[in-house]
1. Quick one: which residue in Val231, Val138 is surrounded by fewer than 21 Cβ atoms within 10 Å (Cβ to Cβ) and within 14 Å of the chain's Cα centre (by Cα)?
2. Do we have any residue at all in region 186-204 that's crowded, with 24+ Cβ neighbours inside 10 Å and among the small types (Gly, Ala, Ser)?
3. Report, by residue number, each residue of region 251-279 that is in contact with a Lys or Arg (Cβ under 8 Å, 6 or more places away or on another chain), modelled with pLDDT of 95 or more, over 12 Å from Ser166 (Cα atoms) and not in a strand (DSSP E or B).
4. Scan region 282-292 for residues that are over 23 Å from Glu123 (Cβ atoms) and modelled with pLDDT under 95 and jot them down.
5. Inside region 45-63, can you point out the residues that are surrounded by fewer than 22 Cβ atoms within 10 Å (Cβ to Cβ) and among the aliphatic types (A, V, I, L, M)?
6. In region 212-250, which residues are part of a strand (DSSP E or B) and within 25 Å of Arg288 (Cα to Cα)?
7. From the residues in region 149-168 that are among the hydroxyl-bearing types (Ser, Thr, Tyr) and outside any strand (DSSP E or B), which one is nearest to Gly272 (Cα to Cα)?
8. Scan region 64-74 and tell me whether some residue there is in contact with a strand residue (DSSP E or B) (Cβ under 8 Å, 6 or more places away or on another chain) and under 21 Å from Asp230 (Cβ atoms).
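The values are calculated or read from the model by the stated rules, or taken from the named source; none is laboratory data. Since the structure is predicted, the reported quantities are computational estimates derived from the model, not experimental observations. Positions of Cβ are generated from backbone atoms using ideal geometry, with glycine treated the same way; all protein chains shown enter the neighbour counts.
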Amino acid sequence: MTDQRWFHPRGALARDGWETVVDETIDGWAHTGLRVARLEAGQELPLEPGTEKLVVPLAGSFRVTTADAVHELAGRASVFDGPSDVLYLSTTETGVLSGEGRVAVATSPTATGFPTRLIRAAETPVELRGAGASSRQVHNFGTPQALDAARFIVCEVITPSENWSSYPPHKHDEHTPGHESRLEEIYYFETAPARVGGEKGTHEASFGMFSTSSSPAGEIDINAQVRTGDVALVPFGYHGPAVAAPGYDLYYLNVMAGPDAERVWHISDHPGHAWVRETWEGQELDPRLPYENKEG
């Protein structure tokens, strides 16, 4: 049975005008946060200091107004239409978020201020990872290689219909220098009829699957159908796979941070499944990738 402490259906974490709020008020959660909202024209939401923030348009375009600047984020029709502009907002800055559509704000509490930075869609490193049915597309706008930040690592993953990602299952809940880092992780999901072959499906019916399993660091059990707006929290344990059901594409936004001083993503594969990586050798990448703006 899915652990309801760590899996939250859409709207279950609604607060203060946000559809989803993940922060330190959740028992056992300390290093990462996430806010998701649907904004209408004229609606505004505050972005308070005290956390570093990454504003990620999911569908639509947005504006962040600070004391010194107005940052315009050219968005996208959906998360399946290639990268979007994103904005890193320093922990020392206050902002006001406005626009139309769905937007996510990844956060991590820190007193260390890095400069606010607008990352255009064209600047986003796009990685095509895996092979065959394990092919997926990763937008690495908030990784250490792409962004100077204090604590968090943020990226988004697109998994085409019938493919598997976050696979083999892996963990990052022990501090082993050079091998594994301690990072709690948020998965925010969206699903939609597949860009190839899913035209007759509906957004309401679309779904994927997501699983976790326990490790020596703690017990966790998530085995859930996931749909747009659902959130899984992974404080420890092996996580994956995330599977796109036939006929439907799967998206997730990952936010990671932990107690270690070094901002790095080191993982350990599940010992029973690590061998699967070897089977990718010689396989072709899924020809449906990359997903780009349909109008581009």
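1. Val138
2. Scanning region 186-204, I find no residue that is crowded, with 24+ Cβ neighbours inside 10 Å and among the small types (Gly, Ala, Ser), so the answer is no.
3. Of everything in region 251-279, those that are in contact with a Lys or Arg (Cβ under 8 Å, 6 or more places away or on another chain), modelled with pLDDT of 95 or more, over 12 Å from Ser166 (Cα atoms) and not in a strand (DSSP E or B) turn out to be Gly258, Pro259, Arg263.
4. Gly282, the sole residue that qualifies.
5. Answer for region 45-63, where residues must be surrounded by fewer than 22 Cβ atoms within 10 Å (Cβ to Cβ) and among the aliphatic types (A, V, I, L, M): Leu45, Leu47, Ala59.
6. Gln225, Val226, Gly240, Pro241, Ala242, Val243, Ala244, Tyr248, Asp249, Leu250
7. Tyr167
8. Checked against the condition, which is being in contact with a strand residue (DSSP E or B) (Cβ under 8 Å, 6 or more places away or on another chain) and under 21 Å from Asp230 (Cβ atoms), region 64-74 yields no hits at all.
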